[in-house]
1. Considering only the range 161-175, state which residues are part of a helix (DSSP H, G or I) and open to solvent by less than 30 Å² (accessible area, probe 1.4 Å).
2. So if I check each of Glu113, Glu125, which one is over 18 Å from Ile82 (Cα atoms), acidic (Asp, Glu) and surrounded by 13 or more Cβ atoms within 10 Å (Cβ to Cβ)?
3. Hey, does the range 148-165 have a residue that's on the phi > 0 side of the Ramachandran plot, at pLDDT 95 or above and out of contact with any strand residue (DSSP E or B) (no Cβ under 6 Å at 6 or more places or on another chain)?
4. Surrounded by fewer than 14 Cβ atoms within 10 Å (Cβ to Cβ), acidic (Asp, Glu) and within 23 Å of Glu60 (Cα to Cα): which single residue out of Glu153, Glu136, Glu118, Glu85 fits that description?
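The values are calculated or read from the model by the stated rules, or taken from the named source; none is laboratory data. Source: prediction; values computed, not measured. Neighbour counts are summed over all protein chains in view; Cβ atoms, including those assigned to glycine, are modelled from backbone coordinates with ideal geometry. With ligands, DNA and RNA removed, areas are computed over all heavy atoms of the protein, side chains included. Shrake-Rupley method; radii C 1.70, N 1.55, O 1.52, S 1.80 Å.
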Amino acid sequence: MRSMIRLAAVFVVLAMFAGCASTAKKPGEAAPGTAAQPEAGAGAQGIPQGTQQGALPASELDNPQSPLSKREIYFDFDSSLIKPEYLAIIKAHGQYLMDHPQAKIRLEGNTDERGSREYNLALGERRAQSVARVMELQGVASDQIEVVSYGEEKPVCTAHDEACWSQNRRVDIVYVDRG
């Protein structure tokens, strides 16, 4: 029964994701919240000089203003359901992967220290698979995504309280090849 509830919840989240409207920009128009002029050193098309035509500059993945710089998806205790506030981040990474078919990522599932080692490895796997499913439903090729679970083995915080545990319940998006 519990697995049916979780499955229904996943479908609800996916339905919400599918229903999200995207705002397509017109040619020559800047995306909402961005400057309309090309960066310094950019060519006529706004592509930095020395960057391959059609390739997103590697700096976009590291630009703190871009959703691509955010690479952690956090989860509630004992859950692999993706929170709605992380769907835009997953969608941005999915779009990057679709635009760069040579790019590859590793989704690293993590948990807090509570629970057995085996349970936490399985939960980390479910969390990473949840993120992978959303990307694949968006159109990302499955061979661009590797899923791994570290369970409780790679904490970012080692205190023994809820504030710390919440930082460890996550999936890290790691670019193996930026394409």
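1. Once the filter is applied, which keeps residues that are part of a helix (DSSP H, G or I) and open to solvent by less than 30 Å² (accessible area, probe 1.4 Å), the range 161-175 yields Cys164, Asn168.
2. Glu113
3. Yes, the range 148-165 contains at least one residue that is on the phi > 0 side of the Ramachandran plot, at pLDDT 95 or above and out of contact with any strand residue (DSSP E or B) (no Cβ under 6 Å at 6 or more places or on another chain).
4. The unique qualifying residue is Glu85.
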